[in-house]
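A quick write-up on the structure given underneath.
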Amino acid sequence: MGGVFEPLKGGGAGIALEEVEVSILRSLAVQLLELIGPGDPEPEPDADPLAALFAASDGPTEPPSDPALARLFPDAYGGPETGPGADAEELRAHSAEFRRFTENDLRTRKREDALAVVRSLDGLSPAGDGVAVLEVDGELRLRWLGALNDLRLTIAARLDITEDDESAVLFRLPDDDPRKPMVMAYLWLGGLQETLIETLTGTL
């Protein structure tokens, strides 16, 4: 292995991580959890399940003000692809309604993805050389993919990366630029995400 995900015999993927890499990944996942926010409180034992179902669907209707959260929870309608003839007011109404019924569930899924990353990293046991081998399979592999994607989207928002052409400038930053560590994390996470996808598609 050695820094990238590789397919395992019998299925799944594995990666060798140094202690510092485990620490960085765990810290990023915890920060993502803090950004997404806490989940909905557990319903009371005697609560009406039907009422709880409708209450769970009553989510926010406005996009988040934080650029990173807005990248994680974008509007479903109203992007450039809608064209000049689209009715802006109608698109906003459709986006608000779609967000009301989907954002809470999406937040829950993203929270569970990040939490799965934290728990799997907490379960690692480094060898004598300080390297631990992480193995992921089935649903856990998909949760890692989701969390890696969310982490990259979050960092891209913080760096104001919107297009590949713009990001190429950031990749050539001098070492003393304060954004350099975040750019390096963005690139590293991209490599992890790409090789993990390749273990799913069998292209490695």
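The values are calculated or read from the model by the stated rules, or taken from the named source; none is laboratory data. In this text the structure is predicted, and so the values were computed from the model without any measurement. Cβ placement follows ideal geometry from the backbone for every residue including glycine, while neighbour counts extend to all protein chains displayed. Protein only, heavy atoms only, side chains kept; ligands, DNA and RNA dropped before computing areas. Shrake-Rupley method; radii C 1.70, N 1.55, O 1.52, S 1.80 Å.
Need pairs with beta-carbon distance below 8 Å; first residue at pLDDT below 55 and within segment 74-99, second open to solvent by 80 Å² or more (accessible area, probe 1.4 Å) and not in a helix (DSSP H, G or I); sequence gap 6+ or separate chains.
none
Among the residues of segment 4-18, which ones are part of a loop (DSSP other than H, G, I, E, B) and surrounded by 14 or more Cβ atoms within 10 Å (Cβ to Cβ)? Reasoning before the result, please.
Our first condition is that a residue be part of a loop (DSSP other than H, G, I, E, B); within segment 4-18, this holds for 4-5, 8-12.
Passing the criteria: V4, F5, L8, G12.
Any residue in segment 178-204 that's within 16 Å of L145 (Cα to Cα): show its pairings with residues that are at pLDDT 90 or above and part of a helix (DSSP H, G or I) at Cβ separation under 6 Å, as long as the two are six or more apart or on different chains.
Final answer for the pair search is Y186/I155; L189/L148; L189/L151; L189/R152; L192/L148; Q193/L148; L196/L145.
Considering only segment 185-193, I want to know if a residue exists there that is modelled with pLDDT of 85 or more and in a loop (DSSP other than H, G, I, E, B).
No, segment 185-193 contains no residue that is modelled with pLDDT of 85 or more and in a loop (DSSP other than H, G, I, E, B).
Could we say that L145 is at pLDDT 95 or above and not in a helix (DSSP H, G or I) here?
Values: at pLDDT 95 or above: yes; not in a helix (DSSP H, G or I): no.
It is false that L145 is at pLDDT 95 or above and not in a helix (DSSP H, G or I).
Sort out which residues of segment 171-183 are under 22 Å from Q31 (Cα atoms) and either exposed (fewer than 13 other Cβ atoms within 10 Å of the Cβ) or within 15 Å of the chain's Cα centre (by Cα) (or both), and write them in order of number. Write out each step before concluding.
Taking segment 171-183 and keeping what is under 22 Å from Q31 (Cα atoms), we get 178-183.
Matches in segment 171-183: P178, P181.
Restricting to segment 94-134, what's the tally of residues that are among the basic types (K, R) and part of a loop (DSSP other than H, G, I, E, B)? Steps first, answer last, please.
Of all residues in segment 94-134, those among the basic types (K, R) come to 99-100, 107, 109-111, 119.
Next, only the ones that are part of a loop (DSSP other than H, G, I, E, B) stay: none.
Within segment 94-134, residues that are among the basic types (K, R) and part of a loop (DSSP other than H, G, I, E, B) number 0.
Quick grid of which residues meet (1) open to solvent by less than 50 Å² (accessible area, probe 1.4 Å); (2) farther than 30 Å from G59 by Cβ:
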site	(1), (2)
H94	no, no
F101	no, no
K110	yes, no
A147	yes, no
T154	yes, no
D160	no, no
V169	no, yes
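Scanning for something among the aliphatic types (A, V, I, L, M), surrounded by fewer than 15 Cβ atoms within 10 Å (Cβ to Cβ) and modelled with pLDDT of 80 or more, does segment 53-66 turn up at least one residue?
The answer is no, given that none of the residues of segment 53-66 is among the aliphatic types (A, V, I, L, M), surrounded by fewer than 15 Cβ atoms within 10 Å (Cβ to Cβ) and modelled with pLDDT of 80 or more.
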